[in-house]
Every structure is written in structure tokens, then in C-alpha cells.
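Asks: The structure's right below; bear with me while I get my questions together.
The values are calculated or read from the model by the stated rules, or taken from the named source; none is laboratory data. Predicted model only: the values in this text are computed from it and were never measured. Here Cβ is always computed from backbone atoms with ideal geometry, including for glycine, and neighbour counts include all displayed protein chains.
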Amino acid sequence: MSTHVSLEPPRTGNPGRSQRYRSRKGPGKVTRGNFELYSWLFMRASGVLLVFLVLGHLFIMMVTDGGVEKIGFAFVAGRWASPWWQFWDLMQLWLAMIHGTNGMRTVINDYADKDRTRAILKGLLYTAAVLTVALGTLVIFTFDPSIKG
Amino acid sequence: MSTATVQEHVETSASGKAGIEMMTITVRIRRYNPEVDAAPHWVDYQVTADPTARILDSLHKIKWEQDGSLTFRRSCAHGVCGSDAMRINGKNRLACKALVKDLNPTKPITVEPIQGLPVLKDLVVDMEPFFQAYRDVKPFLIAHGNEPTRERIQSQKDRDRFDDTTKCILCAACTTSCPVFWADGQYFGPAAIVNAHRFIFDSRDDGANERLEILNDREGVWRCRTTFNCTEACPRGIQITQAIAEVKRALITRRVI
Ligand code: SF4
Ligand code: FES
């Protein structure tokens, strides 16, 4: 009778996943720094702010002054003439993008268990986030109402 | 007189037996023998069971009367030792506390090993990763200064602060119901945090900062997604998610209250 010496015990509930024991950490070998703490706090704070910013935004866009019908080039140009709305939209863009990216980061950490897969997915995520934020910020600040669409 | 007592006893037990409606149930067990099986598989067993008995009794019946190779852990059989946590009908419970009548016995009752740990055989998993996380939070009294000459006194109020988390029996039902732990097994897990909480909020202990720093780790409390699976799974009814939230709060305010 042959015995399967190299048989790896399957991890329950995760068929096909390679088994990985908790990496051993002696005392004092923990990862220092408060990054995860600040990230957690940021998610709570930005979440609360976004509720007001986004609901306010939707209300202005959909309900006031005749609803969606009014939205056009002129309407956007008029709003962005005011630093207040520029600031509002900038806050929405930055908070929503960082909040969403950070949320996606935790999802990747939860669902991708190979270091390589994690690195690739996070690389794509951060590239997309930086491009979106940069492009959006550029448009908000360099918007020129004199070009006619 | 003694004869009468014996007589009485026999009668009550006989009538008690007659009052019980025994039923035939199907127990569907996830079996795995590393020496012959390439992968775990389900096997159905029919057993007669008293609806008010525990599923552990049915497992015993199967092992003793049908298939002696069935492997599972149990010790106290009364919810004290924490050795028989299993996934029963998709939910983590102690087999010795899950009653047949509460498990919809008209359908097959599924019994699997707890998830996220390596299966050694049938319902037995390797608990080492779980205990590693437990040891990592230093679950023992850390006291500085001179040894007192008498016991360390504590007020009732100070004791109540961490009373809930002293109830843990290290059964792993919580940690193995946590989706973050399932992901890669690196997260400390609810049980380790519960046992850290037990010392962090103990007025006699001086190691709070040390333990908070350990749980401030990348794999520490911040990975908790407030899913509440752990609180739901705990056979001791410990408010685990709340304990985790209290550790988070202590980390943010740097105060243990
Ligand atoms: S906290 Fe509850 S579920 Fe978790 S190991 Fe302790 S007793 Fe078991
Ligand atoms: S056998 Fe001891 S807790 Fe179930």
C-alpha cells in the first residue's frame, strides 16, 4: 500500500486555495505604524461627508430648477464659475475616489491570496484612481467656459 | 423501602421513555481520510434520534454502531471544553449544544469541519494557526512593579468591565466563521481579539499598550469588516463584535476605559 506522503491537507471551505499558516511573528516583529488605523478613520469620516455631498449634489441636479432638463453646458459653466461649487465638486471627486479605492484595496486583500495577484490588481487599481483624480482635478480647475460645445 | 424506591425509579424511567417520540434522521457528514481520499466528500447516515438530544449523540451513535472510523473531537460533551465546534447546517456550533429538534430534522442535517483551517481527518482540523494567533496577543497577566504579598484586589466594577470576554472557551467557532479569516488565514481573528480584550481592560494588568500595539498590526483589528458572523457563532454568547470595536476605540483614543 502506498501512502500519500506529500498530500497537503485541503483547507476547509477554500478548495483549491493553497494552505498558508499564519506567518510566525515573534514579539516585537509586528508591523509598526498607524496606516490601517488612519485608513479606518478616513473611511468613517469620508463616508459621513460623502452622504451630505452626494445627496446635496443629486438634489441640485435632479430636483431643483426644473430637474435634469436644465443640465447642459451652460449650467455646468455657470456653476463652476463659483469657487464654492468648484470646491464642492473637488471634494466629491477626491473623497469618493480615495474612499472607493481604499475599499477596493481591502476587497483585494480579502479575496486575492497570492502576493502576485494582489500586486497586479492593486497596481491596476491605483493607476486607474490616480488617472481619474488627476483628470477630474485638471478639468475642474482649467475649465474654459468660452469653448462652445 | 429501598425496594419501593427502586421500583418507583424504574417506572418513571420506563414511562419517560415511552413519552419520547424517537425519529429517524439523516446526518450528512463531510468525510475525509488523508490516506485514501483525494478530496473530502459527503456521506449520509441514518440514525434514530431523540429530537431533544444533541447532534453529538447522533455522531456517537454513528461512530459506535455504524462506522468506527468517523473521526471528530469532543471531550466534556456539555459546552465547556470547546473541542467540538463544527459547521452544522451551515452554521458554526458546538455539536454538544445543538439539539436535533432545532436543526430541521426532516431534512438531512449537514455536519462539516469548521472552515478556514486545514482538515486532518473528517471533522478534525489543525487548530495550530488559531492558537498561534491566540499566543501572539499574550493571553496572560503582565504586571510590572513589585509582586504583591497578597492577592491582587479588584473592585466588582473593574471586574465587570471585561466580564463578557472571560467566558471564551477557545472553540474557534468565531474565527472560522469570519470571511476575513477565510481569505488567507493571516488575520488575527475574533477569538484572539476577545482574549486580548480580556487582559487589555483588566485593571490589574499593565500590558494593555503592548497588546494594543500588536493588534494595530496590518492583520489586526482594522481588518474586521463588522460582519457579525463571530457574534452569531459564539456558543457562549460573547458580544465579540462589540469587544473588537472597544479595542479599536482604545487604539484611536489611546485610553483604556
Ligand atoms: S469567542 Fe466564543 S466562538 Fe470565539 S473561541 Fe471563544 S467561545 Fe468560541
Ligand atoms: S464537547 Fe466540550 S464543548 Fe462540546
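Asks: Tell me, which residue of segment B:158-174 that is of a type outside the set (A, V, I, L, M) and within 16 Å of ligand 2 (Cβ to nearest atom) is surrounded by the fewest Cβ atoms within 10 Å (Cβ to Cβ)?
Replies: B:Lys167
Asks: Can you list the strands (runs of 3 or more DSSP E) found entirely within segment B:54-118 that contain at least 3 residues being outside the structural domain of B:Ala172 (by TED's automatic domain parsing) and at pLDDT below 95?
Replies: none
Asks: Sort out which residues of segment B:62-105 are polar (S, T, N, Q) and within 16 Å of ligand 1 (Cβ to nearest atom), and write them in order of number.
Replies: Across segment B:62-105, the qualifying residues are B:Ser75, B:Ser83, B:Asn92.
Asks: Applying the selection to segment B:123-152, what residues are within 14 Å of chain A (Cβ to nearest Cβ) and either within 16 Å of ligand 2 (Cβ to nearest atom) or of a type in the set (Gly, Ala, Ser) (or both)?
Replies: Matches in segment B:123-152: B:Leu123, B:Val124, B:Val125, B:Met127, B:Phe130, B:Ala133.
Asks: Looking for whichever is within 14 Å of chain A (Cβ to nearest Cβ) and farther than 30 Å from B:Phe201 by Cβ here; the options are B:Leu120, B:Leu59. Which one fits?
Replies: Values: B:Leu59 fails: within 14 Å of chain A (Cβ to nearest Cβ).
Unique residue meeting the criteria: B:Leu120.
Asks: Give the residues of segment B:238-257 that are more than 16 Å from ligand 1 (Cβ to nearest atom) and more than 25 Å from B:Gln156 (Cβ to Cβ), sorted by residue number.
Replies: Of everything in segment B:238-257, those that are more than 16 Å from ligand 1 (Cβ to nearest atom) and more than 25 Å from B:Gln156 (Cβ to Cβ) turn out to be B:Lys248, B:Leu251, B:Ile252, B:Arg254.
Asks: Does segment B:197-237 hold any residues that are part of a helix (DSSP H, G or I) and within 16 Å of ligand 1 (Cβ to nearest atom), and which are they?
Replies: B:His197, B:Arg198, B:Phe199, B:Ile200, B:Leu215, B:Val221, B:Asn229, B:Cys230, B:Thr231, B:Glu232, B:Ala233
Asks: Can we say B:Ser155 is farther than 21 Å from B:Ile55 by Cβ, out of contact with any strand residue (DSSP E or B) (no Cβ under 7 Å at 6 or more places or on another chain) and either more than 13 Å from chain A (Cβ to nearest Cβ) or within 14 Å of ligand 2 (Cβ to nearest atom) (or both)? Don't jump to the end; show me each part of the working.
Replies: Working: farther than 21 Å from B:Ile55 by Cβ: yes; out of contact with any strand residue (DSSP E or B) (no Cβ under 7 Å at 6 or more places or on another chain): yes; either more than 13 Å from chain A (Cβ to nearest Cβ) or within 14 Å of ligand 2 (Cβ to nearest atom) (or both): yes.
Considered against the rule, which asks whether it is farther than 21 Å from B:Ile55 by Cβ, out of contact with any strand residue (DSSP E or B) (no Cβ under 7 Å at 6 or more places or on another chain) and either more than 13 Å from chain A (Cβ to nearest Cβ) or within 14 Å of ligand 2 (Cβ to nearest atom) (or both), B:Ser155 comes out as yes.
Asks: In addition: Restricting attention to segment B:81-122, report how many residues are of a type in the set (Asp, Glu) and within 13 Å of ligand 2 (Cβ to nearest atom). Steps first, please.
Replies: Applying the first criterion (of a type in the set (Asp, Glu)) to segment B:81-122 yields B:84, B:102, B:112, B:122.
Going one step further and asking which of them are within 13 Å of ligand 2 (Cβ to nearest atom), we end up with B:84.
Matching residues across segment B:81-122 total 1.
Asks: Moving to a separate point now. May I ask you to list the residues in segment B:223-256 that are in contact with a Phe, Trp or Tyr (Cβ under 8 Å, 6 or more places away or on another chain) and more than 14 Å from chain A (Cβ to nearest Cβ)?
Replies: If the condition is that a residue be in contact with a Phe, Trp or Tyr (Cβ under 8 Å, 6 or more places away or on another chain) and more than 14 Å from chain A (Cβ to nearest Cβ), then B:Thr241, B:Glu246, B:Val256 are the ones that fit.
Asks: Could we say that B:Ala208 is closer than 29 Å to B:Phe72 by Cα and hydrophobic (A, V, I, L, M, F, W, C) here?
Replies: no
Asks: Next up: List every residue pair whose Cβ atoms lie under 6 Å apart, where the two residues are 6 or more positions apart in sequence or sit on different chains, the first residue falls within segment B:86-98 and is within 11 Å of another protein chain (Cβ to nearest Cβ) and within 14 Å of B:Arg30 (Cβ to Cβ), and the second residue, located anywhere, is more than 13 Å from ligand 1 (Cβ to nearest atom) and of a type outside the set (Lys, Arg).
Replies: Qualifying pairs under 6 Å: B:Met86/B:Ala95; B:Met86/B:Val111; B:Met86/B:Leu123; B:Arg87/B:Glu112.
Asks: Turning to a different aspect of this structure: Taking segment B:18-56 as the search range and keeping residues that are surrounded by 18 or more Cβ atoms within 10 Å (Cβ to Cβ), more than 14 Å from chain A (Cβ to nearest Cβ) and not hydrophobic (A, V, I, L, M, F, W, C), which one is nearest to ligand 1 (Cβ to nearest atom)?
Replies: B:Arg54
Asks: Applying the selection to segment B:170-184, what residues are under 16 Å from B:Pro113 (Cα atoms) and more than 10 Å from ligand 1 (Cβ to nearest atom)?
Replies: Within segment B:170-184, B:Pro179, B:Phe181, B:Trp182 meet the criteria.
Asks: Among the residues of segment B:210-241, write down those that are away from ligand 2 (no atom under 16 Å from the Cβ), over 24 Å from A:Asp113 (Cβ atoms) and exposed (fewer than 14 other Cβ atoms within 10 Å of the Cβ).
Replies: Of everything in segment B:210-241, nothing turns out to be away from ligand 2 (no atom under 16 Å from the Cβ), over 24 Å from A:Asp113 (Cβ atoms) and exposed (fewer than 14 other Cβ atoms within 10 Å of the Cβ).
Asks: Picking from B:Ala172, B:Ala143, B:Ala192, which residue would you name as being of a type in the set (A, V, I, L, M), at pLDDT 95 or above and either part of a helix (DSSP H, G or I) or over 26 Å from B:Lys97 (Cα atoms) (or both)? So that I can check it myself, show each step before the final result.
Replies: Details: B:Ala172 fails: either part of a helix (DSSP H, G or I) or over 26 Å from B:Lys97 (Cα atoms) (or both); B:Ala143 fails: at pLDDT 95 or above.
When all the criteria are applied, what remains is B:Ala192.
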